[in-house]
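Below is one structure, written out as structure tokens; the observations come after it.
No value in this document is a laboratory result; all are computed from the given coordinates. As the structure is a prediction and not an experimental result, all values here were calculated from the model. When we count neighbours, we look across all protein chains shown, and the Cβ atoms used for this are built from the backbone with ideal geometry, even at glycine.
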Amino acid sequence: MLIFTCELFGTIVFALELEAACVSDVIICSHMDMLAPLFENIERRALSVSELTSEIKSVLELGFGSVWVEGEISTFHSASSGHWYFSLTDGDSLLKAACYRGQNIRIRFRPSVGMQVRCRGRITLYEKRGEYQLLVESLEPVGEGAMAVAFEQIKDRLNREGLFDAKIKRPIPPFPRRVGIVTSPTGAAVHDIMTVLDRRARSVHIVVIPTLVQGEKAAEQIVDAIRNVNEYSISCAESERIDVLIVGRGGGSAEDLWAFNEEGVARAIRNSKIPVISAVGHEIDFTIADLAADLRAATPSAAAEIVAQSEAEVLRRIEQLSAELTRKIDYKLLSAHAGLQSLEMSPVFAEMPGRVREMAHRLRQASERLSAAALITLKNCVNTFQSVTGRLTPIRLSASIAESSELLSLLEYRAKSAATDLTSGRGRKLERAVARLDALSPLSVLSRGYSLTQKLDGEIVRNPHQTYIGETVVVSLAGGKIETKVTKHIQGKE
């Protein structure tokens, strides 16, 4: 570790962690050579602020292209663009830092104020403000609980989204025909699973989906494997579809198992259409994948025992159930036979013949009464028919027709007389009404020498003041009409 101090517009302390002191010496000399013109006494052209800032930026980026910095986060802000902006402090100095979205998406945890972290990045200068800052490329918590912090943050975030809710977990089929295994094809997990399935259920078909289970690319490959096996299962025939999926690996350190703590793996498990059993590490190991899966198995072997119950145990259980069913059927038959015998000895069966005989006697009596009543009704109907037939002889019918014709002729004569009288009376009333109407008609009055004066709009003139001098009026006489103009108003006697 080589530490040097350079006075430049105040005191700035730089720390370089280099493998060889000679390299640092060269860098220091190079920096000093570049900064030397700034302190020459010879009068030179004045630099603009932008030019000076640009040169300082070049010096900083050249000298501090890759540095590690450890400190406590004093401020933290996550912008809407996805970039992180925060400050690091060691109690005496403050360093501003930025971590852009393209970098922070690979960071396993979310920083917070007060967290002690170690950053790797490069020093640059924000020219608009003249402030130097650290552009962070890698960020990790400091201390033994670093991975635990990342684990808790991911778990809390996914739990708030409801990704671990028991209501959305799917049941594991009890007798799957095809089992998919997402794991390393060379690991101990796939060997343990196949050994258990071969011993307990040889009829189960196994489909291995190979993937990395540790390292930087492991999580991405696990996500792709889960997605690919779902697409395969949907596209193939129903008899070849995967019934259950085992996602896991054998034991290892926390770093080895970290791929199963990635958020993408948890979401892929929940988005799977196939029920998923998580089998990661040993019984004491617990991952985010275990929380997201439909069922957690303590080990890969335990997962295999869950999906494939022993065929011998299934057959033995079937025999037990068959024997128990036979015993229950025998018991039911004995109980039914005993109940039948009890009913046979019941008093109701001894009383039944007497009740049947009594009901038969009552039925015969009712039948006899019904026959007698029907015979009487029939005789009455015959008598009524004979009486009607006697009244409908030809002689009686002819006499009845003659009598009806005479009555009809009489009624016709009376109707005609009444119609004639009614017509004559109504004619006389009409003549009298016409005479009265004619007497009241203004035309009859006109025939006696009177006239009727009207305006052109039809209004009847009753008073001279209804007209004005020069107005044209129409005078109706008995023989016709004349038009005339008003030349003078003559007031008549009141």
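Here the chain is treated with +1 on each Lys and Arg Cβ and -1 on each Asp and Glu Cβ, and its dipole about the Cα centre works out to around 5840 debye.
Look at the dipole of the chain built from charges on Cβ: of C236, P176, A433, the Cα furthest out on the positive end belongs to A433.
With one equal scatterer per alpha carbon and no solvent term, the Debye-computed log10 I(q)/I(0) for region 347-494 at 0.10, 0.11 1/Å reads -0.78, -0.82.
So what is the relative contact order for the chain, in percent, with contacts set as C-alpha pairs under 8 Å and at least six apart? Please list the in-between numbers first.
Details: 624 pairs, mean separation 37.8, N = 494.
The value is 8 percent.
Working from Cα pairs under 8 Å separated by at least six residues, relative contact order for region 110-253 is 22 percent.
Just want to confirm a number: the relative contact order over region 114-158, from Cα pairs under 8 angstrom separated by 6+ residues, in percent. Display every interim value, and only then the final one.
Numbers: 44 pairs, mean separation 15.3, N = 45.
Here the relative contact order equals 34 percent.
Hey, what number do you get for the chain at 222 nm if only DSSP H runs of n ≥ 4 count, each worth -39500 (n - 2.57), divided across all residues, to the nearest 500? Working shown, then result.
Working: 13 runs with 233 residues, N = 494.
Helix-only estimate at 222 nm: -16000 deg cm²/dmol.
Based on the Cβ-Cβ distance of A415 and I395, what FRET efficiency does E = 1/(1 + (r/R0)^6) give at R0 = 22 Å, to the nearest 0.05?
On the way: r = 31 Å, r/R0 = 1.40.
Here the calculated transfer efficiency is 0.10.
Rounded to the nearest 0.05, the FRET efficiency derived from the C-beta distance between R267 and F175 at R0 = 41 Å is 0.90.
A value for semi-axes √(5λ) of the Cα gyration tensor in Å was derived from the coordinates, and within the list (1) 36, 27, 21; (2) 112, 72, 18; (3) 53, 25, 19 it appears as (2). Using alpha carbons only, how many angstrom separate the centre of region 445-475 from the centre of region 108-181? First find each Cα centre; the distance between them is then 112 Å.
Stretching R202 away from S50 to a fully extended chain increases their span by 47.1 nm, per 0.36 nm per residue minus the current alpha-carbon distance.
Distance from the C-alpha centroid of region 234-272 to that of region 56-80: 38 Å, rounded to the whole angstrom.
For region 293-300, the Karplus equation 6.51 cos²θ - 1.76 cosθ + 1.60, evaluated at θ = phi - 60°, returns couplings of 5, 6, 7, 9, 10, 5, 9, x Hz by residue, with Gly and Pro reported as x. Spin-label model, S58 to L363: label points 7 Å out along the Cα-to-beta-carbon direction sit 12.7 nm apart. Axis angle, to the nearest 10 degrees, between helix 188-200 and the longest C-alpha principal axis of the chain: 50 degrees. Towards the positive end of the charge dipole of the chain, with charges on Cβ (+1 Lys, Arg; -1 Asp, Glu), say which of G264, L60, I329 has the farthest Cα. Comparing the listed Cα positions along the dipole, I329 ranks first.
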